[in-house]
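K.L.:
Pasting a structure here, questions to come.
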Amino acid sequence: MNSSLLAVGRARVPGLLVTIFTGCLISCGDPPDINASHAKEFREAELKKEHRKEMRQMYERIAALEETNSLLAAQVGEARLEKVTALTKPTRIRANAEKDETSPEIRKIASYRQNGLSGVPGPVAAEILRKAGRESRSWLALEDTEAEGAGYRAVQAFAASQTKMLREDRDELVNAAKREHPDDWSEMARFIDRQVDAWTILQRWKAEGVPGLETWESEAVLCGATEKFPFDWACALGSIAEASRGQIAGRGKTRENRKY
């Protein structure tokens with residue numbers, strides 16, 4: 001009888017060893033919770049990297065817009081200074097006018113007076129030429145004339161265009177440009193270009209969120225800026241950039257305070 005029990009025990013030993021060894025192998029694997037945690041941390045790190053990239057792009061775009069505005073303001077200031085200087089020297093004005101009577105610029109302006117400006121109605125073209133005629137230097141008068149003609153065509157093309165912008169918003173933008181720069185078609189066209197660029201960025205942020213902000217933070221700053229600056233998307237864009245910087249800075253201060 002003892003020999004029978006011994007045989008049964010020996011038969012069971014290999015199965016027991018297999019069970020123990022399998023259990024050890026299973027216990028050596030990483031727990032599912034740890035793997036999920038690592039994947040979550042990796043995803044969070046990737047999202048933060050994408051947010052930082054988008055913020056850099058946003059700041060670069062804003063800096064470019066500010067630089068453009070500064071350059072335009074400087075050009076306007078120089079033009080005004082040149083006009084004031086010309087008015088204070090009538091003798092030189094007459095001498096320059098007599099000298100340039102046969103210049104190519106004078107002949108081209110004369111052609112515009114006779115034939116009009118392409119794509120510009122007669123009364124508008126006449127007003128453009130009248131204003132340009134105040135300039136004593138023929139090359140600058142020609143430059144103003146052609147810039148104003150191009151500006152008029154650009155404004156009219158935008159007003160009649162079919163874009164993603166609603167017709168109501170487009171009409172309001174054209175009216176705002178005329179209020180801001182009455183009878184200055186080149187400045188109207190620049191104003192519209194800046195506003196359209198800003199509008200495009202804001203539409204993307206409404207769909208994707210403001211870079212660097214949580215969803216609720218993004219919605220709050222977007223609503224606040226668009227309500228404060230209706231139909232002035234360039235100002236709204238600057239306001240959102242400033243608000244987002246404040247949100248991010250405040251978040252950093254909160255983390256620092258928690259350390260103590």
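The values are calculated or read from the model by the stated rules, or taken from the named source; none is laboratory data. Not measured: the values here are computed from a predicted model. All Cβ positions, glycine included, derive from the backbone under ideal geometry; neighbour counts span all protein chains shown. All accessible areas refer to the heavy atoms of the entire protein, side chains included, with ligands and DNA or RNA removed. Shrake-Rupley method; radii C 1.70, N 1.55, O 1.52, S 1.80 Å.
K.L.:
By how many nm would the segment from TRP139 to GLU60 grow when fully extended, if each residue of separation counts as 0.36 nm and the alpha-carbon distance is taken off?
P.N.:
Between TRP139 and GLU60, full extension yields an extra 24.9 nm.
K.L.:
Continuing with this model, one more query. Whenever you get a sec, compute what percent of the accessible area on region 122-260 sits on carbon and sulfur atoms (1.4 Å probe).
P.N.:
52
K.L.:
Let me check I've understood the local charge: for VAL124, count other residues with C-beta under 10 angstrom from its C-beta, Lys and Arg +1, Asp and Glu -1. What total comes out? Mind dumping the intermediate values first?
P.N.:
Working: positive: none; negative: GLU127, GLU148, ASP183.
So the environment of VAL124 carries a net charge of -3.
K.L.:
Still on this structure, I have one more. Run the reach check for LYS164 against aspartates and glutamates, Cα to Cα strictly under 14 Å, same-chain hits fewer than 8 apart removed. What comes back?
P.N.:
Candidates past the 8-residue exclusion: ASP197.
K.L.:
What FRET efficiency would be calculated for the residue pair GLU227, LEU47, taking the C-beta separation as r and a Förster radius of 35 Å, to the nearest 0.05? Kindly include the intermediate steps, with their values, before the conclusion.
P.N.:
Details: r = 29 Å, r/R0 = 0.83.
Calculated transfer efficiency: 0.75.
K.L.:
Would you tally the net charge around TRP233, using a Cβ to Cβ cut-off of less than 10 Å, leaving TRP233 out, and scoring K and R as +1, D and E as -1?
P.N.:
-2
K.L.:
Quick check for you: with a 1.4 Å probe and neighbouring chains kept, what is the accessible area per residue of region 196-246, in Å²?
P.N.:
Accessible surface, normalised per residue, equals 51 Å².
K.L.:
Subtract the Cα-Cα distance of THR215 and CYS235 from 0.36 nm times their separation in residues, and report this length gain in nm to one decimal.
P.N.:
Working: separation 20, 0.36 × 20 = 7.20 nm, distance 2.17 nm.
That works out to 5.0 nm of additional length.
K.L.:
For region 132-256, just say rounded, prolate or oblate: build the C-alpha gyration tensor, square-root its eigenvalues into a ≥ b ≥ c, call rounded for a/c under 1.5, and beyond that prolate if a/b exceeds b/c, oblate if not.
P.N.:
In terms of gyration-tensor shape, prolate.
K.L.:
Grab the Cα-Cα distance for ASN175 and ARG251, subtract it from 0.36 nm times how many residues apart they are, and report the gain in nm with one decimal.
P.N.:
Computed gain between ASN175 and ARG251 is 23.3 nm.
K.L.:
Rounded to the nearest Å, what's the spacing between the alpha carbon centres of region 190-247 and region 150-170? Just the number, please.
P.N.:
21
K.L.:
Provide the net charge surrounding LEU213, with neighbours chosen by a C-beta distance below 14 Å and charges set as Lys +1, Arg +1, Asp -1, Glu -1. Please list the in-between numbers first.
P.N.:
Numbers: positive: LYS48, ARG52, ARG204, LYS206, ARG245, ARG251; negative: GLU50, GLU54, GLU208, GLU214, GLU217, GLU219, GLU242.
Net charge around LEU213: -1.
K.L.:
If a paramagnetic tag sat 7 Å from the Cα of ALA39 along the Cα-Cβ line, which residues of region 215-236 would have the backbone N under 20 Å from that point?
P.N.:
none
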